[in-house]
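Engineer: Before we start, here is the structure in question, set down as structure tokens.
The values are calculated or read from the model by the stated rules, or taken from the named source; none is laboratory data. These numbers were taken from a predicted model, which means no experiment stands behind them. Positions of Cβ are backbone-derived with ideal geometry, glycine not excepted, and every protein chain shown enters the neighbour counts.
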Amino acid sequence: MTMPRNSKDTDSSQPQEFGEGDSLKMIPLWSILLAIAVFALSMWWFNHGPVPMHRRPGSLPMHVIASYITGTTLASYALMIGYVSRDVKRRKMSAAIWMLIVVVIPCFIGAVVYFLLRQPISIRCPSCTTELTAGVHFCPQCRFQVAPVCGQCFRGVQITDAYCPRCGHNVSEDGGPARLHAYSDN
């Protein structure tokens, strides 16, 4: 759960945190530029390279399809490398090892291995700054309520829920911390 930051509070020495919906923002500019360059180079190679591929009559349609598929695949690979370079830091994993795996193992297999084995995103407790895994509702060190829970079934609820979606309990009656009920009607 990432807390919003004011423009005054932004510290350039801190790594930028991204939410769950910000996946495209995690692709760095160098990776986008590399993908564009790889796509353009692939198009040039197929059309004007050392041996142009469409010299035979009737082979132009297949040549165009093959050049776009190759260029798109290589550009996607460059974007994937950029995404992993930022995601690995966000998950507190070894950047050098995972970048080596993703780059060296061909055919997106390294990226598939990364996505299967990556660690969950960790957050910090706002009260005591203990590292917490995503999805916890209370800090195990200071009992700070990180996310709202139902007072009857003790399962997580959304901050805007008036009733628990699992048991129907009125969560506004639970008397939780005021910061978690800021959006309720009461």
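Engineer: Return the residues of the range 162-186 that are farther than 17 Å from F138 by Cβ and at pLDDT below 80; say none if nothing qualifies.
Structural biologist: Hits for the range 162-186 are S172, E173, A182, Y183, S184, D185, N186.
Engineer: Kindly indicate which of V64, V88, V84 is out of contact with any strand residue (DSSP E or B) (no Cβ under 8 Å at 6 or more places or on another chain), surrounded by 13 or more Cβ atoms within 10 Å (Cβ to Cβ), modelled with pLDDT under 85 and within 30 Å of W30 (Cβ to Cβ).
Structural biologist: Working: V88 fails: modelled with pLDDT under 85; V84 fails: modelled with pLDDT under 85.
Within the list V64, V88, V84, the selection yields V64.
Engineer: If you don't mind, another one. Could you tell me which residue of the range 114-139 is nearest to C150 (Cα to Cα), considering only residues that are among the hydrophobic types (A, V, I, L, M, F, W, C) and under 16 Å from the mean Cα position of the chain (by Cα)? Steps first, answer last, please.
Structural biologist: Of the residues in the range 114-139, the ones among the hydrophobic types (A, V, I, L, M, F, W, C) are 115-117, 121, 123, 125, 128, 132, 134, 136, 138-139.
After this cut, where a residue has to be under 16 Å from the mean Cα position of the chain (by Cα) as well, the list is 115-117, 121, 123, 134.
On the way: F115: 32, L116: 32, L117: 32, I121: 24, I123: 22, A134: 18 Å.
It comes out as A134.
Engineer: Here is a follow-up. Among the residues of the range 32-51, what is the count of those that are in a helix (DSSP H, G or I), of a type outside the set (A, V, I, L, M, F, W, C) and over 22 Å from G82 (Cβ atoms)? Working first, answer last.
Structural biologist: Step one: filter the range 32-51 for residues in a helix (DSSP H, G or I), giving 32-48.
Cutting the leftovers down to of a type outside the set (A, V, I, L, M, F, W, C) gives us 42, 47-48.
Checking which are over 22 Å from G82 (Cβ atoms) leaves us with 47-48.
Result for the range 32-51: 2.
Engineer: Could you check, for the range 151-168, whether at least one of its residues is touching a Gly at 6+ places or on another chain (Cβ under 8 Å) and in a loop (DSSP other than H, G, I, E, B)?
Structural biologist: yes
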